[in-house]
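Trainee: I have a structure I would like to understand better, so I am pasting it below and will then ask my questions one at a time.
The values are calculated or read from the model by the stated rules, or taken from the named source; none is laboratory data. The structure displayed is predicted, hence computed values, not measured ones. Here Cβ is always computed from backbone atoms with ideal geometry, including for glycine, and neighbour counts include all displayed protein chains. Heads up: the accessible areas ignore ligands, DNA and RNA and are worked out on the full protein's heavy atoms, side chains in. Shrake-Rupley method; radii C 1.70, N 1.55, O 1.52, S 1.80 Å.
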Amino acid sequence: MTLLYTLPLAWLALAAALLFIWRKQLSALWREPVFTAPILIVESDDWGAGPVSQAEALINLADCLSRHHDARGRPAVMTLALVLALPKAGMAGRVTLADAEQQSILAAINAGRKRGVFALQLHGLFHFWPDAVTAAARTQAGVAAWLEAPVLTETLPSHLQSRWTDAGTLPSRPHAAEEIVRAVAEETALFAEMFGDPPEVVVPPTFIWTDTVEAAWAAAGVRTIITPGQQLTHRDSEGRPSGGGRAIRNGEQGTVGVFYLVRDDYFEPIFGHQPEQAVASLANKALLGRPCLLETHRWNFLASTGGQPAAAMAALEAMYIAARRDFPTLRFVSCAELALAIRVNDPDWIEQSARRRFTIWLRRVATLPRFGKAARMTGLLPILNLFA
Ligand SMILES: [Zn+2]
C-alpha cells in the first residue's frame, strides 16, 4: 500500500529534479524562436580581394542560384563573407577590392547582389591581423614565404587566419582596445564606401572575436554576428580555437544588443560532402523549427585553392534541386532579413502559437545530450508528449 504512494511521489521528485537541474537550457530552448517554414541559407566565406578567377566563379554561382526559386518566387540566396583587401608583398601597402586590378571580382559581386542572389556580409579588411603575420614571418620560413606572395589566405597556418586575436606567438594575446576600435572603424567604413551601406552582418574570421570587438562592431552599425553556436576568443598554445563557453542560440543577444545566428551545418564539396547530407541537415533543422545555415567556402569553387569548380557547382545545383523537391514550403532569405524577422517577432516567419512552439520545444529538449536520455528513460518526455 505504501508503495502505491511512494513510487509516484518518487517519480514526481525525479521529474522535478530533472527539470530544475536543466532549467537554464530548457528555458533558453523555449525562448529560441521557432520558424514557421524550412529555411535554407548557403553561407560562403572568404570571397573578395584575391585571385581574379573568383569573378568567373561568382558569375557561375549567381547563374546557379538564379535557377532556383522558393515557393514565393524568391531566388536562392548565398551570403558572401567578404575580405576587403590583400597586403602587397612584404606587407608594403595593400590592394583593395575597389582597386582596378580587382574590379572584375567587385563587378561580379555587385551583379549577383543586383539579381538578389548574393547578400553581403563582412569577414574583415584582411583575413588575419597584419602585425601577427609579420611577427610570425620573422621565425617561420613558411610564413615569410607566404608574405612574398600574399594572395591566398587559406594557405596561412590556421591560427594566423584569425583576425581578432594576436596569434603571432602562441598562446595568442588580446589586441589593445584602441587597436580594435581603429581596425573595426577602418573596415566598416571601407565596406560602406564599396557597397553603399555599413555591414549589418559580420562573420568573424575563424569564429574568434571578443566582447571588445563586438562592441566596436555594434558602434559601427553591425546588428548580427554569425556564430558556430559558441564564442571563441583566442588560440591556445597549440593554436587551437579556444574560449568557447556557454551555448549560443539563434536570436540571443550579446551585452551590446547584437543578435547572434547559429551556423553549424556544412556543405564543403572539397571535403566530400554530398548534396543529400546537406538536405538531411535541412530536414533536421526544419524539424526543430530552426533555419539551416550551411557553411561553405570559396575554395570549393576555385581551382587555385585546390577546389574542383565544376564538381562543386554540380553538387550545389543538385542540393538545391533536392531541397526544393523535398521541402515545397522552403524559403530562401538573407541572414540580415532573418535577424530582422526575429527582432520584430514577425509572425510570417516566427511561430506565434504556444501549442506549436511547445511541440517544437519538446523535440529540441529531446536533443539535449544528457537531459534527453534521462527524460526518455524516466518517462518524462513520453508523458510531456501527450500534451503536445
Ligand atoms: Zn574565413
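Each row is one residue, and each column tells you yes or no for (1) open to solvent by 50 Å² or more (accessible area, probe 1.4 Å); (2) of a type in the set (D, E).
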{"residue": "L12", "(1), (2)": "yes, no"}
{"residue": "A55", "(1), (2)": "no, no"}
{"residue": "A62", "(1), (2)": "no, no"}
{"residue": "A71", "(1), (2)": "yes, no"}
{"residue": "E101", "(1), (2)": "yes, yes"}
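Trainee: Conditions: (1) touching a residue at least 24 places away in the same chain (Cβ under 8 Å); (2) more than 16 Å from the ligand (Cβ to nearest atom). P228 meets all but one. Number of the miss?
Mentor: (2)
Trainee: Something else now. Of all residues being within 14 Å of the ligand (Cβ to nearest atom) and within 22 Å of A303 (Cα to Cα) in region 124-156, which is surrounded by the most Cβ atoms within 10 Å (Cβ to Cβ)? Just the residue, please. Let's see the steps before the verdict.
Mentor: Filtering region 124-156 for residues within 14 Å of the ligand (Cβ to nearest atom) gives 124-129, 152-156.
Subset that is within 22 Å of A303 (Cα to Cα): 126-127, 152-156.
Working: F126: 23, H127: 26, L152: 19, T153: 24, E154: 18, T155: 15, L156: 19.
My answer is H127.
Trainee: Check Y5 against each of (1) modelled with pLDDT of 95 or more; (2) of a type in the set (F, W, Y); (3) not assigned by TED's automatic domain parsing to the domain that holds Q161 and name the one condition it does not meet.
Mentor: Result: Y5 passes all but (1).
Trainee: Restricted to region 201-240, and to residues that are small (G, A, S) and at negative phi, which residue is surrounded by the fewest Cβ atoms within 10 Å (Cβ to Cβ)? Steps first, answer last, please.
Mentor: Start the filter on region 201-240 by keeping residues that are small (G, A, S), which leaves 215-216, 218-221, 229, 237, 239.
Add one more test, that the residue is at negative phi, and what stays is 215-216, 218-220, 237.
Working: A215: 19, A216: 23, A218: 18, A219: 13, A220: 20, S237: 10.
So the residue we want is S237.
Trainee: Working only within region 14-53, note down all residues that are over 25 Å from L384 (Cα atoms), open to solvent by 10 Å² or more (accessible area, probe 1.4 Å) and of a type in the set (G, A, S).
Mentor: Across region 14-53, the qualifying residue is only S53.
Trainee: Something else: Any residue at all in region 159-171 that's over 17 Å from G124 (Cα atoms), under 25 Å from the mean Cα position of the chain (by Cα) and within 16 Å of the ligand (Cβ to nearest atom)?
Mentor: Among the residues of region 159-171, not one is over 17 Å from G124 (Cα atoms), under 25 Å from the mean Cα position of the chain (by Cα) and within 16 Å of the ligand (Cβ to nearest atom), which makes the answer no.
Trainee: Can I ask one more? With the requirement that a residue be out of contact with any Phe, Trp or Tyr (no Cβ under 8 Å at 6 or more places or on another chain) and among the charged types (D, E, K, R), what does region 152-174 give you?
Mentor: If the condition is that a residue be out of contact with any Phe, Trp or Tyr (no Cβ under 8 Å at 6 or more places or on another chain) and among the charged types (D, E, K, R), then R173 is the only one that fits.
Per-residue answers, yes or no, for (1) within 16 Å of the ligand (Cβ to nearest atom); (2) in contact (Cβ under 8 Å) with a residue 12 or more places away in the chain:
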position: G48; (1), (2): yes, yes
position: I59; (1), (2): no, yes
position: L65; (1), (2): no, yes
position: R72; (1), (2): no, yes
position: A92; (1), (2): no, no
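Trainee: Looking only at residues in region 110-123 that are within 16 Å of the ligand (Cβ to nearest atom) and either without any contact (Cβ under 8 Å) to a residue 12 or more places away in the chain or hydrophobic (A, V, I, L, M, F, W, C) (or both), which one is surrounded by the most Cβ atoms within 10 Å (Cβ to Cβ)? Please lay out each step first, then the result.
Mentor: So in region 110-123, the residues within 16 Å of the ligand (Cβ to nearest atom) come out as 120-123.
Subset that is either without any contact (Cβ under 8 Å) to a residue 12 or more places away in the chain or hydrophobic (A, V, I, L, M, F, W, C) (or both): 120, 122.
On the way: L120: 24, L122: 26.
Ranking the qualifying residues of region 110-123, first place goes to L122.
Trainee: While we're on this one: Evaluate region 184-200: report whether one residue or more is surrounded by fewer than 17 Cβ atoms within 10 Å (Cβ to Cβ), modelled with pLDDT of 95 or more, within 16 Å of the ligand (Cβ to nearest atom) and farther than 23 Å from M78 by Cα.
Mentor: No; the residues of region 184-200 include none that is surrounded by fewer than 17 Cβ atoms within 10 Å (Cβ to Cβ), modelled with pLDDT of 95 or more, within 16 Å of the ligand (Cβ to nearest atom) and farther than 23 Å from M78 by Cα.
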